1. So for the chain, averaging the separation of alpha carbon pairs under 8 Å that are six or more residues apart and normalising by length, what relative contact order in percent results?
2. Taking the Cα centre of segment 308-401 as origin and charging only Cβ (+1 Lys, Arg; -1 Asp, Glu), how large is the dipole, in debye to the nearest 20?
3. So, in Å, what gap is there between the alpha-carbon centers of segment 384-398 and segment 204-257?
4. Name the helices (complete DSSP H segments) of the chain with a Cα length along the long axis of 30 Å or more and a Kyte-Doolittle mean of at least 0.5, or state none.
5. Under 5 Å between amide H atoms, partner at least 5 residues away or on a different chain: which partners does residue 266 have, H built in plane at 1.01 Å?
6. How large is ³J(HN,Hα) for each residue in segment 264-275, as worked out from phi by the Karplus curve 6.51 cos²θ - 1.76 cosθ + 1.60 (θ = phi - 60°), to whole Hz, x for Gly and Pro?
7. Per 5 Å bin from zero, what fraction in whole % of the C-alpha pairs of segment 289-348 is there, up to the bin with the longest pair?
8. To the nearest 20 Debye, how big is the dipole of the chain about its Cα centre, given +1 on the beta carbon of each Lys and Arg and -1 on that of each Asp and Glu?
Amino acid sequence: MKAWKGRFSKAATSSADEFNASIEFDQRLYKDDIKGSIAHATMLGKQGIIAKEEADLIVKTLKEIEADIDAGKVEFTIESEDIHMNIETVLTERIGDVGKKLHTARSRNDQVAVDIRLYLKDEIAAIDALLKTLMSTLSDLAETHQNTVMPGYTHLQRAQPVTLAYHLLAYYQMFKRDASRFADCLARMDYLPLGSGALAGTTYTTDRDFLADELGFKGVCPNAMDAVADRDFAIEFISCCSITMMHLSRFCEELILWSSVEFSFVEIDDAYSTGSSIMPQKKNPDMAELIRGKSGRVYGDLMSLLTICKGLPLAYNKDLQEDKLPVFDAGDTLKASVNIFTEMIATMKVNGDNMEHAAKYGYMNATDAADYLVTKGIPFRDCHEIIGGIVLHCINKGIAIEEMSMEEFKSFSDKFEDDIYDKIAIRSCIEAKKSKGSTSFESVKQQLADIRKEK
Ligand code: ARG
């Protein structure tokens, strides 16, 4: 029997019931729903809105129901529509009229709003832990690869030599900002909507500050209509997920390239690769490709929820029931992706020799050769042109800049001396960087020391 049966002269068709129901997907909120209801019942008892013994009985029974759901002993029904009504129905089946008092001074609108916030607070804590593991895996890898030289790219063209540690620490910073974005999202989400009623507040002398304390919120939503109407916190959450997925996806794209025979910079462990059903030689980076693909799914979740919310008049509208699918999907996808990604990079083999070989051939010391001429008093633009000519000459001869003879150097500029060979050696190019945050061995060591301090 429906909670609103009094007003109705006809039952919903089974098709309408089915269409209306969210129990299939919102049942995963049962722990949050029960947590919220326990706090609410306790508050009702404390305030004398219901009798203390009634509150105690409701709390005790809700705990039993939770244990029974844990054990798979509770059967949810479509007729009871959503997780809130399902639990209330079971409660009333067990303790009769007292169960019917739980919903005093509450609406499903503030109930579902508090459930999602409770769910997301836990979700953010779980994501934070996964991101921290990823970050320490990256800094450990960077620690190991401070001496591994590789090409740094722009436009996917070899640009300047860097170290793998430096490249990894670039991602470290991105994931660090991702974690802090989730923390910001949490800080704004951390206000209690419960006690808002349907949209206008309630006539009871409730104690919302007590509820906020009980449920671990920093404070109470200051406007009840806002509290039940908006899902900006959920949009922000999916937006944080999307940005993190974008970072993972870029890194995956690199791993896919790097593990190709053409690059051969890394080899992804067999345990995180797949084969081909037809081509016996194949070893495919499926995990990385899937993360890259799943980033598109998460962006879709973000667009879904933005679009669901965009035309809604205040306050609650049933459209908001659709918020859960993208919220759950974005969180699930992100957690699974961060987790597998961390395992994959922790176990992949780095081919440092191939990286260094690639760094040597690609004229990546051209900027350093130009900088050398600057130290000899030639304006940078002129140096750029001189070295450009040298590179063209070397390309035609199929040699590296440092493979030119001294006479050849002199034919381009009489400012070249023997020390040019030292100055444009690949490691010297890295070593020579002086600006804060550069790829120099010294700077990377400093970046790692700063990271260790953060921990
Ligand atoms: N299942 C609903 C949702 O997820 C709960 C709130 C229902 N409120 C209402 N007024 N029908 O949004």
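A short reminder: the numbers here are calculations on the coordinates, not readings from a lab. Predicted model, so just to flag it, every value in this text is computed and none were measured. Heads up, the Cβs are rebuilt from the backbone with ideal geometry, glycines too, and the neighbour counts pull from every protein chain shown.
1. Contact order relative to length: 15 percent.
2. 140 debye
3. 55 Å
4. 232-258
5. Long-range HN contacts for residue 266: 259, 351.
6. Taking θ as phi minus 60°, the curve returns 6, 8, 9, 10, 6, 4, 3, 5, 10, 10, 10, x Hz for segment 264-275.
7. Values per bin, smallest distances first: 4, 17, 23, 17, 13, 10, 7, 5, 3, 1, 0.
8. So the magnitude is around 740 debye.
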